[in-house]
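Colleague: The structure that follows is given in the form of structure tokens.
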Amino acid sequence: MRDRLRIAIQKNGRLSQPARALLGSCGLTWRESPDHLFCHGESAPIDLLLVRDDDIPGLLESGLCDLGIVGRNVLCEYNERASSTCGQVQPSELRGLGFGGCRLSLAIPQAWTWQGAAQLQGKRIATSYPGLLARWLADAGVDAEVVELSGSVEIAPRLGQADAVCDLVSSGATLSANQLKPVEDILYSEAVLAGRSNSLPPVLRDLADTLVRRLDGVLRIRDSKLLLFQASRHEVDAVVRLLPDAEVPTQYPLEDGETLALQALCHGAVTWQRMEELKRAGARGLMVLPVERMLA
Ligand code: PRT
Ligand code: ZN
């Protein structure tokens, strides 16, 4: 039986570098094989398999990999299709990872005026996500033809292959370059950590739990700052009210009995403007420090 955890990540593409960077910030280091398909974990018995993103859900379902980093769009599409075919344990989303954000959107020619889902009745819609689109159409009670394409979906209307498309969008530039406009969002996506929860043998489960705890620590503090300041006892409440996105501050009384030293982990942005507001409310000697690591 395997005693090393195996994580599937995208080999080349939008998610590969951010996924490696995220795992690296959890303290993992690797030695990469000459063929760039496998990374042997050096700092922990956690290896990486470098694959096409579309293969990740299947690798998880078959148990060849224990965890994977993949777009929610790919995971949901896989599960949508699998649910109609077999009854195995499907991989599920364990954590949203906050990068690779995009939407799976329905888009129609710019010349059309959008009047709602019923407008798609009897139309042909090109997509690489037939499962998710079919589900959306069924929920909307619309009978349309789903034209499955593996790529270049956005040019299908110009080629006469389809009337509308259902594709991933981030800036929207690709759609507008093809005289299309997004009208409905079918799925909000980002990179996710996926796995088959509860199906790992104990050794691998311990490794996975440790990794997920570290990931939680990294994600929790990614945009966080530690605020240090002093305030008079009677002004503390007013200052703390300006920190709704901070954890309850730790307070230490100073020798004069009237002043408190405070430290608070703040999860939102701490701009100059915000610092000035805190100062006006009574915060003195305000310091904003980066947070490198955190273990809850
Ligand atoms: O080779 P492999 O199969 O592994 O990679 P791939 O080509 O299938 O995937 P890749 O690297 O293009 O995308 C991987 C994941 O990134 C996707 O599954 C999404 O989860 C996520 N992602 C985030 C995106 C986008 N943003 C995105 N904009 N994937 C694709 N796009 C496309 C979009 O469809 C459009 O055609 O990029 C183009 C530019 O988008 P606009 O809206 O900014 O013009
Ligand atoms: Zn792919």
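Colleague: Protein chains only, probe 1.4 Å: how do V165, V147 rank by accessible area, largest first?
Modeller: Working: V165 0, V147 30 Å².
If we order V165, V147 from most to least accessible, we get V147, V165.
Colleague: Just to verify a number: what accessible area does V146 come out at with the full protein assembly present, 1.4 Å probe, Å² rounded to tens?
Modeller: 50
Colleague: Can you spot the aspartates and glutamates whose alpha carbon is less than 13 Å from K11's alpha carbon? Ignore those fewer than 8 places along the same chain.
Modeller: E32, D35, D53, D54, D55
Colleague: Once you have the Kirkwood Rh of the range 1-158 from its Cα pairs, apply Stokes-Einstein at 10 °C and 1.306 mPa s and quote D in µm²/s.
Modeller: Working: Rh = 17.8 Å.
Answer from the Stokes-Einstein relation: 89 µm²/s.
Colleague: Within the range 244-267, what residues put their amide N at less than 12 Å from the label point 7 Å along the Cα-to-Cβ vector of L289?
Modeller: Within reach of a label on L289, which here means backbone N under 12 Å from a point 7 Å along Cα→Cβ, the range 244-267 contributes 262-265.
Colleague: In addition: Among residues other than D245 whose Cβ falls under 13 Å from its Cβ, what is the net charge (Lys/Arg +1, Asp/Glu -1)?
Modeller: That sum, taken over residues with Cβ under 13 Å, equals +2.
Colleague: Using 5 Å bins from zero, what percent of all Cα-Cα pairs in the range 93-145 falls into each bin?
Modeller: Taking all Cα pairs of the range 93-145, the binned fractions are 4, 16, 25, 21, 15, 8, 9, 3, 0 percent.
Colleague: OK, next. Which one of R95, R274, R124 has the biggest mean-square fluctuation once the chain is modelled by GNM with Cα springs under 10 Å?
Modeller: Among R95, R274, R124, the largest GNM mean-square fluctuation belongs to R274.
Colleague: Okay, next question. Roughly how much of T174 is accessible, in Å² to the nearest 10, using a 1.4 Å probe?
Modeller: Per-residue accessible area (T174): approximately 80 Å².
Colleague: Which semi-axes, in whole Å and largest first, does the equivalent ellipsoid of the chain have when worked out from the alpha carbon gyration tensor as the square roots of 5 times its eigenvalues?
Modeller: Values: eigenvalues 374, 174, 51 Å².
Result for the chain: semi-axes of 43, 29, 16 Å.
Colleague: Only bridges with both residues in the chain count here: give the DSSP antiparallel percent, nearest 5. Don't skip to the answer; put the middle values down first.
Modeller: On the way: 45 of 60 bridges.
Taking every DSSP beta bridge within the chain, about 75 percent pair in antiparallel fashion.
Colleague: Find the accessible area per residue for the chain; the probe is 1.4 Å, ligands and nucleic acids are left out, and the unit is Å².
Modeller: Details: 15440 Å² over 296 residues.
Here the per-residue accessible area is 52 Å².
Colleague: Let me ask something else. Got a number for carbon plus sulfur as a percent of the range 99-185's accessible area, 1.4 Å probe? Intermediate values should be presented prior to the final figure.
Modeller: Details: 1860 of 4110 Å².
Exposed carbon and sulfur together represent 45 percent of the surface.
Colleague: Please compute the modelled spin-label separation between S92 and D139, points set 7 Å along Cα→Cβ, answer in nm with one decimal.
Modeller: 1.8
Colleague: Specify the angular offset, from 0 to 90 degrees and rounded to the nearest 10, of the alpha carbon long axis of helix 272-281 from the longest principal axis of the alpha carbons in the chain.
Modeller: Taking the Cα atoms of the chain, the angle to 272-281 is about 40 degrees.
The values are calculated or read from the model by the stated rules, or taken from the named source; none is laboratory data. Every value quoted in this text rests on a predicted model; they were computed, and no experiment measured them. Quick reminder, even Gly has a Cβ in these numbers, built from the backbone with ideal geometry, and neighbours come from all protein chains shown. Just so you know, the surface numbers come from the protein's heavy atoms only, side chains and all, with ligands and any DNA or RNA stripped out. Shrake-Rupley method; radii C 1.70, N 1.55, O 1.52, S 1.80 Å.
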